[in-house]
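**Q** Below you'll find the structure I mean.
The values are calculated or read from the model by the stated rules, or taken from the named source; none is laboratory data. Computed from a prediction, not measured in an experiment: that's the story for all the values here. Cβ coordinates were reconstructed from backbone atoms using ideal geometry, including for glycine residues, and neighbour counts include every protein chain displayed.
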Amino acid sequence: MTYNFPVTITQPYNDVSVNIVPGNSAIPGFINSNYILYTNEGTELINSGTISYTSSPNFEITNISTPGAVINPAGFDIVFYNLRPFETRVIEVSTQVPVIPNVALGDEFITTVNITCDNDNNANNNSAQNTQQIVGSYDPNDITESRGREIEINTFNDADYLYYTIRFQNTGTAPAYTVRVENLLGSQFDYSTLQMLHASHIYTLDREDNHLSWKFNNILLTAEEDNEPASHGYIYFRVKPLPGYQVGDIIPNSADIYFDFNPAIVTNTFETEFVDAALSIKEVTDNSFKLYPNPAKTLVNITASTNVGIIATVKIYDLTGKTIYTSKANAASLAIDSSAFASGNYFVEVVSSANAKTVKKLLIE
């Protein structure tokens, strides 16, 4: 049985919103794609408005899917027309990622988008930002959060959300008929605040408490070898952390991705850490501690210089942002068994007893 409920507009309401979704990882020398999603959240036709897009310097915009953009040194502006109530439109922006040494692995690629229109009744959803780390070779099935790995606690309040993108790609040899994505939210989330924002394909979403399950039935996701651009998909959603978070709290999130009847592909665990504003600055100079040998094989030594004091904590991240090692050292030196680490590049984050932090690159052979 179907029940129809009439909706009567008692008061006109204008509201436009904008979000930005990363389409793929930012890899030196390759094209990076971002998707601008803008929506008429109000009850009236938006006759016209403006979208302004900016990105990090030296990242050249190579293509904008919607014509009419006015390019400027920081990015571009584009005017849109006749956006219907509850209509969402998408603009794909392609950007050339500079090559090394013009960028380095671990650098941040930051994109920002703003939207304006006349008589907007809600300015809280008129801007969005996405932060991506420059990475090398990567697994195309991953999860990221739009602010990056660290959030300064004084910039975040109980009204703010964490914005997650789960990306998947069919790297097999035949089309995938179905894709299922499972996300088990941890105890630090307010599950009731979950809001789905966008997805690359038609989906259904089931939530049981903290268990999220997206199903893409009959997606027919093409294989990478047949059509690389069409082999990608994504999910974009937001959810609030529970109030009471403090400096040092870490919120992890990961996902399982199933293609047809194949075993799960487990994504990286993306860890969001709330930090003091002072900790987000690299206050320790390059000679504040020694990291040796580098490149390393089976053992990594970290030694603090005499002016630093002791090493409070050490974390090691891989290129996806996944924490693979953590230790509360509370010592002037630390020896780490790296024999189980896969060959490749890592980031070593050291925080001193004075709460000063720096990050160095480590190569494991």
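**Q** Say whether the condition of being within 30 Å of residue 312 (Cα to Cα) and either in a loop (DSSP other than H, G, I, E, B) or modelled with pLDDT of 95 or more (or both) is met by at least one residue in the stretch 204-217.
**A** Taking the stretch 204-217 as the starting set, the residues that turn out to be within 30 Å of residue 312 (Cα to Cα) are none.
Taking every residue of the stretch 204-217 in turn, none turns out to be within 30 Å of residue 312 (Cα to Cα) and either in a loop (DSSP other than H, G, I, E, B) or modelled with pLDDT of 95 or more (or both).
**Q** For the stretch 175-189, give me each residue that is within 30 Å of residue 220 (Cα to Cα) and in a strand (DSSP E or B).
**A** In the first step, residues of the stretch 175-189 are kept if they are within 30 Å of residue 220 (Cα to Cα); the result is 175-185.
Correct list: 176, 179, 180, 181, 182, 183, 184.
**Q** Now, a different point. Return yes when residue 66 is in a strand (DSSP E or B) and not acidic (Asp, Glu) and no when it is not. Don't jump to the end; show me each part of the working.
**A** Numbers: in a strand (DSSP E or B): no; not acidic (Asp, Glu): yes.
Considered against the rule, which asks whether it is in a strand (DSSP E or B) and not acidic (Asp, Glu), residue 66 comes out as no.
**Q** Now for a separate question. In this structure, does residue 46 turn out to be under 28 Å from residue 166 (Cα atoms), out of contact with any Gly (no Cβ under 6 Å at 6 or more places or on another chain) and aliphatic (A, V, I, L, M)? Let's see the steps before the verdict.
**A** Numbers: under 28 Å from residue 166 (Cα atoms): no; out of contact with any Gly (no Cβ under 6 Å at 6 or more places or on another chain): yes; aliphatic (A, V, I, L, M): yes.
No.
**Q** Confirm whether residue 315 is surrounded by 18 or more Cβ atoms within 10 Å (Cβ to Cβ), among the basic types (Lys, Arg) and either in the same structural domain as residue 248 (by TED's automatic domain parsing) or touching a Phe, Trp or Tyr at 6+ places or on another chain (Cβ under 8 Å) (or both).
**A** It is true that residue 315 is surrounded by 18 or more Cβ atoms within 10 Å (Cβ to Cβ), among the basic types (Lys, Arg) and either in the same structural domain as residue 248 (by TED's automatic domain parsing) or touching a Phe, Trp or Tyr at 6+ places or on another chain (Cβ under 8 Å) (or both).
**Q** Now for a separate question. Taking strands (runs of 3 or more DSSP E) that do not extend beyond the stretch 78-154, which have at least 3 residues that are surrounded by fewer than 18 Cβ atoms within 10 Å (Cβ to Cβ) and out of contact with any Ser or Thr (no Cβ under 9 Å at 6 or more places or on another chain)?
**A** Values: elements: 88-96, 108-117, 127-133, 142-145, 150-152.
Those strands (runs of 3 or more DSSP E) do not exist here; none qualify.
**Q** Another one. Taking the condition of being closer than 29 Å to residue 102 by Cα, assigned to a loop (DSSP other than H, G, I, E, B) and touching a residue at least 60 places away in the same chain (Cβ under 8 Å), how many residues in the stretch 2-59 meet it?
**A** Initially, the stretch 2-59 is screened for residues closer than 29 Å to residue 102 by Cα, giving 19-36, 51-59.
Restricting the remaining residues to those that are assigned to a loop (DSSP other than H, G, I, E, B) gives 23-25, 27-30, 56-59.
Imposing the further condition that a residue be touching a residue at least 60 places away in the same chain (Cβ under 8 Å) reduces the set to 23-25, 27-30.
Here the count works out to 7.
**Q** Further, regarding this structure: In the stretch 3-16, is there at least one residue being touching a strand residue (DSSP E or B) at 6+ places or on another chain (Cβ under 6 Å) and surrounded by 13 or more Cβ atoms within 10 Å (Cβ to Cβ)? Reasoning before the result, please.
**A** So in the stretch 3-16, the residues touching a strand residue (DSSP E or B) at 6+ places or on another chain (Cβ under 6 Å) come out as 16.
So of that shortlist, the ones also surrounded by 13 or more Cβ atoms within 10 Å (Cβ to Cβ) come out as 16.
Yes; the residues of the stretch 3-16 include at least one that is touching a strand residue (DSSP E or B) at 6+ places or on another chain (Cβ under 6 Å) and surrounded by 13 or more Cβ atoms within 10 Å (Cβ to Cβ).
**Q** Could you tell me whether any residue of the stretch 111-121 is under 20 Å from residue 167 (Cα atoms), of a type outside the set (Ser, Thr, Tyr) and in contact (Cβ under 8 Å) with a residue 12 or more places away in the chain?
**A** no
**Q** Please list, ordered by first then second residue, the pairs with beta carbon atoms under 6 Å, 6 or more apart or interchain, first in the stretch 77-106 and of a type in the set (Asp, Glu), second assigned to a strand (DSSP E or B) and at pLDDT below 85.
**A** none
**Q** If you don't mind, another one. Which condition number does residue 298 fail, the rest of (1) at pLDDT below 90; (2) within 22 Å of residue 356 (Cα to Cα) being met?
**A** (2)
**Q** Here is a further query. Does residue 132 count as assigned by TED's automatic domain parsing to the domain that holds residue 81, in contact with a Phe, Trp or Tyr (Cβ under 7 Å, 6 or more places away or on another chain) and on the phi < 0 side of the Ramachandran plot?
**A** Numbers: assigned by TED's automatic domain parsing to the domain that holds residue 81: yes; in contact with a Phe, Trp or Tyr (Cβ under 7 Å, 6 or more places away or on another chain): yes; on the phi < 0 side of the Ramachandran plot: yes.
It is true that residue 132 is assigned by TED's automatic domain parsing to the domain that holds residue 81, in contact with a Phe, Trp or Tyr (Cβ under 7 Å, 6 or more places away or on another chain) and on the phi < 0 side of the Ramachandran plot.
**Q** Quick one: residue 192 ticks every box in (1) under 26 Å from residue 31 (Cβ atoms); (2) part of a strand (DSSP E or B); (3) outside the structural domain of residue 56 (by TED's automatic domain parsing); (4) out of contact with any Phe, Trp or Tyr (no Cβ under 8 Å at 6 or more places or on another chain) except a single one, so which number is it?
**A** Only one criterion in (1) under 26 Å from residue 31 (Cβ atoms); (2) part of a strand (DSSP E or B); (3) outside the structural domain of residue 56 (by TED's automatic domain parsing); (4) out of contact with any Phe, Trp or Tyr (no Cβ under 8 Å at 6 or more places or on another chain) is unmet by residue 192, namely (1).
**Q** Mind listing just one residue for me: the one in the stretch 186-239 that is of a type in the set (Asp, Glu) and touching a Lys or Arg at 6+ places or on another chain (Cβ under 8 Å) and, of those, surrounded by the most Cβ atoms within 10 Å (Cβ to Cβ)?
**A** Filtering the stretch 186-239 for residues of a type in the set (Asp, Glu) gives 190, 206, 208-209, 224-226, 228.
Cutting the leftovers down to touching a Lys or Arg at 6+ places or on another chain (Cβ under 8 Å) gives us 190, 206.
On the way: 190: 14, 206: 9.
So the residue we want is 190.
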